[in-house]
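To start, the structure under review is shown below, and the notes come after it.
The values are calculated or read from the model by the stated rules, or taken from the named source; none is laboratory data. The model shown is predicted, which means the values in this text are computed figures rather than measured ones. Note that each Cβ is placed from the backbone with ideal geometry, even for glycine, and that neighbours are counted across all protein chains shown.
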């Protein structure tokens, strides 16, 4: 006899949905608290560990959390890190939509205690000045205040999306960076990553061909500046942003491959350390120059590297500076690689949802942990010097492996 247990409700799930508004507006603000409620310890030595949760109002009167800070330990006058809030995520593009800031006291052993709340809006936060204060109310009584810091000043600004650039008829401008550090192995020895032989491609060449064959369909002039890093191109000192195969841009995928082989044939001396930031700064300068001169271009920096680099702190700061520039970075981790073939014929037409930055190479199993830290897929990048969060994901990282079988 089979007994069937009766199913009983174990809880409920509430789903709230609203039409998403395409909006590139952001607000930047850093908040501080003053004379907040003392929640921990005896009266004389009382303290708090405050943090705040920012929530947006829903049509049914409920609230949806959209941002939470870390707690600041042992103070009633906290200064929280700078936050950059997307209007799309925070208020779905409605800058005057009610927002609620709830301040809590962090507790390791018990539930966190409420310290009060503030009613505001994204416009109110982004356009506030240092003299602005918001009373923190708890059970009808004021328990301190919140106010913005004056450095950096609160700001509302717009970050164009990639779709915005596509709608504007932009052209892609592709820049190539190649890792020539000694960790790639002696290019004269078979089996190393830069070993060149007639009739066969090494792993760098296959990666370049696969990626450029796709991006070239959206780069009208198909002229690519190519730079190397981590080597001694003339036998002198190590350089981290030197032209490969001469200063002139290379014509098409074949031109890039020929310049790459020419550079190795001329006796390039592989060295180190692997510094990626100089090439990134050069690409950012190009993107900003085009923007300032009214050129409707979007720069894509493609960097091929066999492993980690040693200037990740500088790279993070440069990426933060590039947040409002028409620039994206594709990092290719070269190791074992499998190239994906593409269908013959002309490229498909560009649609608003198409993203030519999608990788054309499949993921592999190599360890590129430092490189993957620059990819914002698992969380927004943060500056090591200021703690500021990057408002958009600029980097696509993919590991590649050789086609087997």
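The single condition among (1) assigned to a helix (DSSP H, G or I); (2) over 25 Å from residue 311 (Cα atoms); (3) modelled with pLDDT of 90 or more that residue 214 does not satisfy is (3). Screening region 79-175 for strands (runs of 3 or more DSSP E) wholly inside it with 1 or more residues that are in contact with a helix residue (DSSP H, G or I) (Cβ under 8 Å, 6 or more places away or on another chain) returns the ranges 83-86, 99-105, 141-148, 155-158.
Here 274, 243, 249, 233 are screened, and the one residue that is within 31 Å of the chain's Cα centre (by Cα), in contact (Cβ under 8 Å) with a residue 24 or more places away in the chain and either over 26 Å from residue 372 (Cα atoms) or surrounded by fewer than 20 Cβ atoms within 10 Å (Cβ to Cβ) (or both) is 249. Look at (1) under 27 Å from the mean Cα position of the chain (by Cα); (2) in contact (Cβ under 8 Å) with a residue 40 or more places away in the chain and you find that residue 222 fails only one, number (2). The listed residues are 182, 207, 200, and the only one of them that is surrounded by fewer than 17 Cβ atoms within 10 Å (Cβ to Cβ) and touching a strand residue (DSSP E or B) at 6+ places or on another chain (Cβ under 6 Å) turns out to be 182.
Those residues that are out of contact with any helix residue (DSSP H, G or I) (no Cβ under 6 Å at 6 or more places or on another chain), in contact (Cβ under 8 Å) with a residue 60 or more places away in the chain and within 14 Å of residue 267 (Cα to Cα), I need them from region 186-204; list them, please. Result: 186, single match. Within the set 111, 164, 150, the sole residue that is without any contact (Cβ under 8 Å) to a residue 12 or more places away in the chain and either more than 30 Å from residue 324 (Cα to Cα) or surrounded by fewer than 18 Cβ atoms within 10 Å (Cβ to Cβ) (or both) turns out to be 111. Of all positions in region 263-272, none carries a residue that is under 22 Å from residue 328 (Cβ atoms) and modelled with pLDDT under 95.
A single entry from 152, 98 fulfils the requirement of being within 28 Å of the chain's Cα centre (by Cα) and either closer than 25 Å to residue 383 by Cβ or at pLDDT 95 or above (or both): 152. Among the residues of region 376-395 satisfying the criterion of being more than 12 Å from residue 316 (Cβ to Cβ) and in a loop (DSSP other than H, G, I, E, B), which is modelled with the lowest pLDDT? In this case the residue turns out to be 379. Of all the numbered requirements in (1) assigned to a loop (DSSP other than H, G, I, E, B); (2) buried (at least 20 other Cβ atoms within 10 Å of the Cβ), residue 227 misses one, and that requirement is (1).
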